[in-house]
Amino acid sequence: MTSFDDLLSQVPIAQIAAKLGVDEKTATTAVQAALPTLLGGLQANATKPEGAAGLVGALDNHGDLVEGEGQVDIDKVDVADGSKIVENVFGTEKNTVISALGATEGTGGNDLIAKLMPILAPIVLAYLAKQMTGGGGNATQAPTQSSGGGIGDVLGGLLNGSGKSGGIGGAIGEALAKNAGGALGNVLGGLFGGKR
C-alpha cells in the first residue's frame, strides 16, 4: 500500500546523516520536512497535463533505484539528476522552498536542506515509479489529462495519507506549523494555485 510511512522507510536516514555530516535526529527531521514538500511540488506539477506527462516520463528513468524490500543505497542516487528534478519541481521558487525548510526547527538550516533535496528527489521518483508499475501498469501508459491520472492518484494517496499513521497530510501540516514565516505554505499554495 502506498503510504508516507512506506516511502519514509525507503529513505536511508543513517547513510544520509553520514553523507551530510549531521546526526540522525537532524537528518530525520530534515527528511520528514522535505519529503512532503517534494511530494506537494510534484502533485502541483502533475495537475497540469504537460507536468503529468513529464513526470511520468521521468519515472521510467528511476524505477530501478527502489528494488525489492528495504532502503535505497545512497551511493546509487544520482545527485546531479536530483538537482534537475528539484529545479523542475519548484522552478523559481526553489530557493524560497529551501529557505522555508531550512528555517523549520531542527532541520539543520538552508545548506543541509539544499544538499538533502537532490538526494531525496530521485528516491521519491523511484518510489513513485515502483508504485505505478507495481499496480500492474506501465508508467508511460498513465493518462496525462489535467487530473494527472494514475500519477495524480498515487501522489494524492500519499498526500492524503491515512489518518491512522498521521499520513503525509499530517507531515506537511507539521512542517508548515514549524515554519513560523509561513513561506512554505505560500509556495505550495502558489504551486497548487498554478502561480509559477
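The values are calculated or read from the model by the stated rules, or taken from the named source; none is laboratory data. These numbers come from a predicted model, not from an experiment. Note: ideal-geometry Cβ built from the backbone for every residue, glycine included; neighbour counts use all protein chains shown. The accessibility values were calculated without ligands, DNA or RNA, using every heavy atom of the protein model including side chains. Shrake-Rupley method; radii C 1.70, N 1.55, O 1.52, S 1.80 Å.
Determine, yes or no, whether Glu67 is within 20 Å of Ile123 (Cβ to Cβ), open to solvent by 40 Å² or more (accessible area, probe 1.4 Å), modelled with pLDDT under 90 and not in a helix (DSSP H, G or I).
For Glu67, the condition - within 20 Å of Ile123 (Cβ to Cβ), open to solvent by 40 Å² or more (accessible area, probe 1.4 Å), modelled with pLDDT under 90 and not in a helix (DSSP H, G or I) - is met.
With the checklist (1) open to solvent by 20 Å² or more (accessible area, probe 1.4 Å); (2) modelled with pLDDT under 85; (3) not in a helix (DSSP H, G or I) in hand, flag the one item Val72 doesn't pass.
(1) is the only condition that Val72 fails.
Output the number of residues of the stretch 1-31 satisfying the condition of being of a type in the set (S, T, N, Q) and in contact with a helix residue (DSSP H, G or I) (Cβ under 6 Å, 6 or more places away or on another chain).
Within the stretch 1-31, residues that are of a type in the set (S, T, N, Q) and in contact with a helix residue (DSSP H, G or I) (Cβ under 6 Å, 6 or more places away or on another chain) number 4.
Considering only residues that are open to solvent by 10 Å² or more (accessible area, probe 1.4 Å) and in contact (Cβ under 8 Å) with a residue 40 or more places away in the chain, which ones fall in the stretch 11-41?
Matches in the stretch 11-41: Gln15, Lys19, Leu20, Val22, Lys25, Thr26, Thr29, Gln32.
Search the stretch 92-114 for residues being in contact with a Lys or Arg (Cβ under 8 Å, 6 or more places away or on another chain) and open to solvent by 20 Å² or more (accessible area, probe 1.4 Å), and hand back the single one that is nearest to Ala18 (Cα to Cα).
By that ranking, first place goes to Gly106.
If I ask for residues that are assigned to a helix (DSSP H, G or I), open to solvent by 10 Å² or more (accessible area, probe 1.4 Å) and more than 16 Å from Pro122 (Cα to Cα), which ones from the stretch 46-60 would you list?
Pro49, Glu50, Gly51, Ala53
Can you tell me which of (1) loosely packed, with under 15 Cβ neighbours inside 10 Å; (2) more than 18 Å from Gly156 (Cα to Cα); (3) at pLDDT below 90 is the one Gly134 doesn't meet?
Of everything listed in (1) loosely packed, with under 15 Cβ neighbours inside 10 Å; (2) more than 18 Å from Gly156 (Cα to Cα); (3) at pLDDT below 90, Gly134 misses just condition (2).
Could you check Asp111 against (1) touching a helix residue (DSSP H, G or I) at 6+ places or on another chain (Cβ under 8 Å); (2) under 26 Å from Gly157 (Cβ atoms); (3) not in a loop (DSSP other than H, G, I, E, B) and say which number it fails?
(2)
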